[in-house]
1. How charged is the neighbourhood of residue 63? Take every other residue with its Cβ under 11 Å from the Cβ of residue 63, and add Lys/Arg as +1 and Asp/Glu as -1.
2. For residue 2, what charge total do you get from the other residues with a beta carbon under 15 Å from its beta carbon, if Lys and Arg give +1 and Asp and Glu give -1?
3. First select every other residue whose beta carbon is under 14 angstrom from the beta carbon of residue 85; then total the charges, Lys and Arg +1, Asp and Glu -1.
4. Could you give the dipole magnitude of the range 3-83 about its Cα centre, charging the beta-carbon of Lys and Arg +1 and that of Asp and Glu -1, in debye to the nearest 20?
Amino acid sequence: MSADRLRAWELVLTELERAAALGADQLPEEWEPPSGIGPIPRGLEARARAVLVRLDRARADVGRRRAEVVAELAALDEARAARRSASPSIPVYLDISA
């Protein structure tokens, strides 16, 4: 194994670790190993597995957050629809300071 290949993979893993730590907007949609650097060195396999776990957790967090936002938007749509369909005699705001 060459020192160049080891260093190249260390840089790749560092970049992926940083993306996982920064959150959803930094996660790659799809990832392919860079061409030209060869297979991952055996000495970095454990680190690569740990990075994969972090990326999977970050993606799961994105999924949960997305579901929460969808639910909030649905609740807002329901509230808006209810307000639009409400009779003009039904108060929308209550003035408690008067």
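No value in this document is a laboratory result; all are computed from the given coordinates. All values reported here derive from a predicted model rather than from experimental measurement. In this analysis, Cβ positions are derived from the backbone assuming ideal geometry, glycine residues included, and neighbour counts consider all displayed protein chains.
1. Surrounding charge for residue 63 is +2.
2. +1
3. +1
4. Computed about the Cα centre, the dipole is about 240 debye.
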